[in-house]
Amino acid sequence: MKNNYQIQNKCPICENEKDIFYLDNYRLHLEEDNFFFNNLKLFKCNICETGFAYPMPELENLSEFYKNTYRSSDRPPWWTSKIYDNKHVSYLEDKNLSLLQYLTTFVNISEIENIFDFGAGYGDLGFILKKKKPSISLDCSENDKECEKILIERGYNNFRNIEDTNCKYDLILAIHSLEHLTNTKIFINFKKLLKPNGLIFFEVPNSSQEYFSKRIYDSPHLIFFTKKSFEKIGLKYNLKLINITTTSYSMYDSFKFQKQSQDLYKKLNNGIFKLKYIKNFVKNITPKIFLKFRRDYLKLKKINDDFRLNHFINNSNDSWCVRGIFKKND
């Protein structure tokens, strides 16, 4: 369908203004997020195959969303995690071990002295790398208050603004953070922060045509990347693409999990008892030893689950994520 909307901005990657198509109205994860993502449309650049929301939300509203709302304990998907009650061991999840396996295929940890983790969340991958090499220095940028507590415990120095650090880094991590931005100018910052021959390791959702035709919701993502998107980013910012692959479980499984999470949230929050009250009640009356027993049981059960194999398979056309490594050209 040819674009019938007046678009005044450019594609966030290749800056194309003409060959852009309207895709659909923007779909909210939770209806109460309308304040942050109101009246957005989805468009796609036909040149670099990148999707994007328009008009982009106000940066002030986005900052408030990620600081106080996004990872709230009564919102999906965070409360659906099997080890939600012990975020400190989240680094042992298969998805993080898969990231470690991929990264160390191309990067020698012994040569890494310091890391900057952009939009770090709980900083799982950086924490793993520091466990393998304790001398590694960890810096990050993360605005979420709950995440910041764990990051500090794990040895991170948190800069709320990436421009506040004047260090030079061997490795920058951008794991499921780029899709939350309003543009790709962050790569200018990344290049300034990198040492000569420094590396950027990224992973984002794989926004292929199948994604747009079958997706459950869009928010809070604002830019929708494909492999071709990163090829264009490499050319635009003079970065060498060392490797790029598709990875993780299938699109079908991802959409299934999204629907289950959304449906469960609606069911619990439309009932007599609100989810947060149920959680607080259970937490207060359940001894910690039983919570630990439950977590250990779920981890043991997961070991015998064939589904976990999906985290370690790359180069499948229907995979949910795009993952790759850039090297700074000097």
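Here is how the numbers come out for the structure above:
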{"quantity": "Rounded, prolate or oblate (a/c below 1.5 giving rounded, otherwise prolate when a/b exceeds b/c) for region 89-166 by Cα gyration tensor", "calculated": "oblate"}
{"quantity": "Formal net charge of residues neighbouring residue 178 (Cβ-Cβ distance under 12 Å; K, R +1; D, E -1)", "calculated": "0"}
{"quantity": "Residue 250 paired with residue 92, simple spin-label distance in nm, labels 7 Å along Cα-to-beta-carbon", "calculated": "3.0 nm"}
{"quantity": "Long-range amide H partners of residue 40 with built H, under 5 Å", "calculated": "26"}
{"quantity": "Whole-angstrom gap from region 143-201 to region 202-262, using each part's C-alpha centre", "calculated": "20 Å"}
{"quantity": "Distant-in-sequence amide H partners of residue 248 (H built 1.01 Å from N, under 5 Å)", "calculated": "313"}
{"quantity": "Distance violations [Cα-Cα > 24 Å] among 168/236; 236/328; 130/256", "calculated": "130/256"}
{"quantity": "Sequence of 89, 204 once ranked by neighbouring C-beta atoms within 10 Å, starting from the fewest", "calculated": "89, 204"}
{"quantity": "Peptide ranges 140-151, 105-116 listed from the most packed, as the mean C-beta count within 10 angstrom indicates", "calculated": "140-151, 105-116"}
{"quantity": "Residues 50, 245, 184, 104, sorted so that the one with the fewest Cβ neighbours within 10 Å comes first", "calculated": "104, 245, 184, 50"}
{"quantity": "Packing-based exposure ordering (other Cβ within 10 Å, fewest first) of 323, 75, 160", "calculated": "160, 75, 323"}
{"quantity": "Estimated dipole of region 100-199 in Debye, rounded to 20 [Cβ of Lys and Arg +1, of Asp and Glu -1, Cα centre]", "calculated": "260 debye"}
{"quantity": "Gyration tensor (alpha-carbon) shape descriptor, region 148-249, a/c threshold 1.5", "calculated": "oblate"}
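All of the numbers you see were taken from the coordinates with simple rules; none came from a lab. Remember, it's a predicted structure, so these values are computed and weren't measured experimentally. Methodologically, a virtual Cβ is constructed for each residue, glycine included, from the backbone with ideal geometry; neighbour enumeration extends over all protein chains shown.
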